[in-house]
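Step one of this worksheet: look at the structure below.
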Amino acid sequence: MFISRSHRKILGLTLTLGLLGAWGLRSLAQDQPMGIFLRNVVTYYDGQPHQDRAIDLLQHQITQLDADLLAGDQVFANVWRDGETLDGHRDILAEIAVGDRTGTDPLDLALAQVGRDPGTPITVELLPAPGIEMPDMAMATITMTDLLDDSVTAIRYRFDIRRQNDTWAILRAGTQTICQPGRGHQTWSGELCI
């Protein structure tokens, strides 16, 4: 007797359910931890006391993991606010020629805007990471440290980039710096060093 593939799946599921029974299904479900997706948290938040406690707990855990992660000038806050400029950064979009604001790859596009001396330590981050199914937006962060400059010891570039068909375009661009000792601020800031 021929049994189609779809009927075999249904038959297999029926046999599995019959063998497991209610207790087996409950046990199987308990062995598989359910994840929580932040998009669902935001969608279904309605101010319940248990929800407030859970969010406060998550905020505390995130802060313990990385105290700067939810700061007002960090990636999450800037993407969430979707402002004209990147908060806490010196706006440099006008310094990028209009013809240099588009390209076929968001990372290459961002790196092309950053001049650096050979040997300068550089860290590059692209969010979302490569491999995510065709994102419409990306944020590139390029950090250079141990600069051979009399006033700036580190500089961080951020680029907010949007995909339009096969082309990527820089929408927002900004920098933050850390100054050399005695030349200004010692934490990331959009202020210029002296």
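Measuring r between the beta carbons of ASP100 and LEU65 and using R0 = 41 Å, the FRET efficiency lands at 0.70. Between the beta carbons of LEU38 and ARG116, assuming R0 = 25 Å, the FRET efficiency works out to 0.10 to the nearest 0.05. Length gained on full extension, ASP91 to ASP52: 10.5 nm, using 0.36 nm per residue less the C-alpha separation.
Tell me whether the stretch 37-88 comes out rounded, prolate or oblate; compute the Cα gyration tensor, take square roots of the eigenvalues as a ≥ b ≥ c, and use a/c under 1.5 as the rounded threshold. It comes out oblate by the Cα gyration axes.
Taking all Cα-Cα distances within the stretch 85-179, those exceeding 22 Å account for 28%.
Seen from TRP80, the other residues with C-beta closer than 13 Å to its C-beta sum to a net charge of -2, counting Lys and Arg as +1 and Asp and Glu as -1. Among PHE159, PHE76, a tally of other beta-carbon atoms within 10 Å of each Cβ gives an order, fewest to most, of PHE76, PHE159. A straight line joining the Cα centroids of the stretch 42-58 and the stretch 88-133 runs 36 Å.
The numbers here are math on the coordinates, done by the rules we state, and not lab data. Just so it is clear, the structure is predicted and the values come from calculations on it, not from any experiment. Cβ coordinates were reconstructed from backbone atoms using ideal geometry, including for glycine residues, and neighbour counts include every protein chain displayed.
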